[in-house]
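Undergrad: What follows is a structure written as structure tokens; I'll ask about it next.
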Amino acid sequence: MKGNIDMTTGKEYVASVFEKVKAQNSHEAEFLQAVEEVFNSLVPVFDKYPKYIEENLLERLVEPERIVSFRVPWVDDKGQVQVNRGFRVQFSSAIGPYKGGLRFHPSVNQSIIKFLGFEQIFKNSLTGQPIGGGKGGSNFDPKGKSDNEIMRFCQSFMTELSKHIGADTDVPAGDIGVGGREIGYLYGQYKRIRNEYTGVLTGKGLNWGGSLARTEATGYGAVYFAEQMLNARGENFNGKTAVVSGAGNVAIYAIEKLQSLGAKAVTCSDSSGFVYDPDGIDVDLLKEIKEVKRERIVKYAEARPNATFTPAGGEKTVWSIKADLAFPCATQNELDETDAETLVANGVLAVSEGANMPSTLGAIDVFLKAGVSFGPAKAANAGGVAVSALEMAQNSGRTSWTFDEVDAKLYDIMKGIYENAAAAAKEFGQEGNLVVGANIAGFLKVADAMSAQGIV
């Protein structure tokens, strides 16, 4: 099917589409960053498969199938009416129903949600599961809110969102600011409105449709991916020191898995600053502070005699601590070029991204040029959505699997993601570059499905 695209090379085609994307989305910096990182990898794909140029497949893929924006009115504990903004970006359903988390954070805007949704297309493809890409959220901040305020907000949010999702249409999950509590309130309202008990959300409680190992999945998965990178270098975790950012589910369970495999994680952080514990992070204490008491990370340092707390905003960051391994598990663009240079100077061997797009493009370039094994987010942090898909499968079959069964499937999925990314990088002349490999491997599956389904 010949279109109106008349480009002789993949480079020309990719550059042309990116210029159009920039012109149409000039104010969406995060989205453009995600698009540029993917586009830079795909030039050899279009040289090898010119039919994708004829079908103008890239321009079709980079435009969401649907964006829903809506107001979320709710009443606080003082009886005052508050209004937030909600989003759901349904980016691609080429290989399955939309799948991606909901983020509740003041920074949420359309650019953030689009970048996350775009990344989700390739991440979900890499898992091998039949799930498409989507993302959603709100600029609502759960911090400092009572349980009743969060419940009222979630009920209002779901009242609108319920019109656009379903077990075979779009299956949201949690993300920053959306944990088990929020998923419970959201699911309860969906069930109330739709009068049906389906697997429409993942991350549910274990006694009402959730999956064992879902809480641990993203952190565990990032470590399993790092293990594959280390094995390729003839290394393992024994005796290695790791720096980890964040103190949510991803960071906590990355630290837990690292230490079970012989490494010592010495840092964690939140928006107030970071903790350095040379004796290794006490996971039980960290869970008590962040999961049970919901307190700031400084409380960890107060409870551990050899631990120190460094407030945010200074020159010293979590990445200034000497380590063999780095796991950015907090938020987007938390690790910049200067941080990357510091890590390289300190001898870091591997970086595995637990958060979504936590490294800037400049930082990634520093790691790749230095020969550091780098696991990009769409590959390394795919464990969460992989187990979400396993939760969907359990819901569909009205069954449940043991923790060990799910964990074993997660390990196999992460190993498969690494192997597919490594093979794609080698096939297209970029051996060892897992950024290129993950982008290409994720893209090809979606591209073949889009091509087979016609111009839709």
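Undergrad: Pick from the range 331-361 the residues that are closer than 21 Å to Ala232 by Cα and among the small types (Gly, Ala, Ser): which of them is surrounded by the fewest Cβ atoms within 10 Å (Cβ to Cβ)?
TA: That would be Gly347.
Undergrad: Which pairs do you get when a residue that is modelled with pLDDT under 95, found in the range 318-331, comes within reach of a residue that is of a type in the set (Val, Ile, Thr), reach meaning Cβ atoms under 8 angstrom, with the pair 6+ apart or on two chains?
TA: Final answer for the pair search is Thr331/Ile176.
Undergrad: Now for a different question. Filter the range 274-290 for residues that are in a strand (DSSP E or B) and not β-branched (Val, Ile, Thr); which is nearest to Ala251 (Cα to Cα)?
TA: Phe274
Undergrad: Name the residues in the range 125-152 that are in a loop (DSSP other than H, G, I, E, B) and either at pLDDT 95 or above or crowded, with 24+ Cβ neighbours inside 10 Å (or both), would you?
TA: Across the range 125-152, the qualifying residues are Thr127, Gly128, Gln129, Pro130, Ile131, Asn139, Phe140, Asp141, Pro142, Lys145, Ser146.
Undergrad: Looking at the range 205-221, is at least one residue touching a Lys or Arg at 6+ places or on another chain (Cβ under 8 Å) and under 17 Å from Thr331 (Cα atoms)?
TA: Yes: the range 205-221 contains one or more residues that are touching a Lys or Arg at 6+ places or on another chain (Cβ under 8 Å) and under 17 Å from Thr331 (Cα atoms).
Undergrad: For Arg103, work out the one condition from (1) in a strand (DSSP E or B); (2) touching a helix residue (DSSP H, G or I) at 6+ places or on another chain (Cβ under 6 Å) it doesn't fulfil.
TA: (2)
Undergrad: Can you name the residue in the range 1-26 that is within 23 Å of Gln453 (Cα to Cα) and exposed (fewer than 10 other Cβ atoms within 10 Å of the Cβ) and is also modelled with the highest pLDDT among such residues?
TA: Asn4
Undergrad: Counting only residues that are surrounded by 23 or more Cβ atoms within 10 Å (Cβ to Cβ) and either part of a strand (DSSP E or B) or among the aromatic types (Phe, Trp, Tyr) (or both), how many does the range 263-273 have?
TA: Number of matching residues: 4.
Undergrad: Within the range 27-45, count every residue that is loosely packed, with under 15 Cβ neighbours inside 10 Å and not in a helix (DSSP H, G or I).
TA: So the answer is 1.
Undergrad: Related question: Can you pull out every residue in the range 153-186 that is of a type in the set (Lys, Arg) and either closer than 20 Å to Gly133 by Cα or buried (at least 20 other Cβ atoms within 10 Å of the Cβ) (or both)?
TA: Within the range 153-186, Lys163 is the sole residue that qualifies.
Undergrad: While we're looking at this one, here's another question. Is there a residue in the range 417-434 that is in a helix (DSSP H, G or I), surrounded by 21 or more Cβ atoms within 10 Å (Cβ to Cβ) and without any contact (Cβ under 8 Å) to a residue 60 or more places away in the chain?
TA: Among the residues of the range 417-434, at least one is in a helix (DSSP H, G or I), surrounded by 21 or more Cβ atoms within 10 Å (Cβ to Cβ) and without any contact (Cβ under 8 Å) to a residue 60 or more places away in the chain, which makes the answer yes.
Yes or no, residue by residue, for (1) of a type in the set (A, V, I, L, M); (2) at pLDDT below 95; (3) within 20 Å of Ala340 (Cβ to Cβ); (4) surrounded by fewer than 24 Cβ atoms within 10 Å (Cβ to Cβ):
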| position | (1), (2), (3), (4) |
| --- | --- |
| Thr202 | no, no, no, no |
| Ser211 | no, no, no, no |
| Ala226 | yes, no, yes, no |
| Leu230 | yes, no, yes, yes |
| Val243 | yes, no, yes, no |
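Undergrad: Let me ask something else. Examine the range 82-91 for a residue that is in contact (Cβ under 8 Å) with a residue 12 or more places away in the chain, surrounded by 19 or more Cβ atoms within 10 Å (Cβ to Cβ), among the aliphatic types (A, V, I, L, M) and not in a strand (DSSP E or B), and state whether such a residue exists.
TA: No, there is no match, as no residue in the range 82-91 is in contact (Cβ under 8 Å) with a residue 12 or more places away in the chain, surrounded by 19 or more Cβ atoms within 10 Å (Cβ to Cβ), among the aliphatic types (A, V, I, L, M) and not in a strand (DSSP E or B).
Undergrad: Residues in the range 46-57: is at least one at positive phi, surrounded by fewer than 20 Cβ atoms within 10 Å (Cβ to Cβ), modelled with pLDDT of 95 or more and over 23 Å from the mean Cα position of the chain (by Cα)?
TA: Within the range 46-57, one or more residues are at positive phi, surrounded by fewer than 20 Cβ atoms within 10 Å (Cβ to Cβ), modelled with pLDDT of 95 or more and over 23 Å from the mean Cα position of the chain (by Cα).
Per-residue answers, yes or no, for (1) closer than 14 Å to Gly375 by Cβ; (2) in contact with a helix residue (DSSP H, G or I) (Cβ under 9 Å, 6 or more places away or on another chain); (3) in the same structural domain as Lys99 (by TED's automatic domain parsing):
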{"site": "Thr202", "(1), (2), (3)": "no, yes, no"}
{"site": "Asn207", "(1), (2), (3)": "no, no, no"}
{"site": "Leu212", "(1), (2), (3)": "no, yes, no"}
{"site": "Val223", "(1), (2), (3)": "yes, yes, no"}
{"site": "Ala226", "(1), (2), (3)": "yes, yes, no"}
{"site": "Met229", "(1), (2), (3)": "yes, yes, no"}
{"site": "Ala232", "(1), (2), (3)": "yes, yes, no"}
{"site": "Gly239", "(1), (2), (3)": "no, no, no"}
{"site": "Ala242", "(1), (2), (3)": "yes, yes, no"}
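Undergrad: So for the range 96-114 (the condition being farther than 24 Å from Ser162 by Cβ and either within 17 Å of the chain's Cα centre (by Cα) or buried (at least 17 other Cβ atoms within 10 Å of the Cβ) (or both)), does at least one residue qualify?
TA: yes
The values are calculated or read from the model by the stated rules, or taken from the named source; none is laboratory data. Please read these numbers as outputs of a predicted model, since none were measured by experiment. Neighbour counts are summed over all protein chains in view; Cβ atoms, including those assigned to glycine, are modelled from backbone coordinates with ideal geometry.
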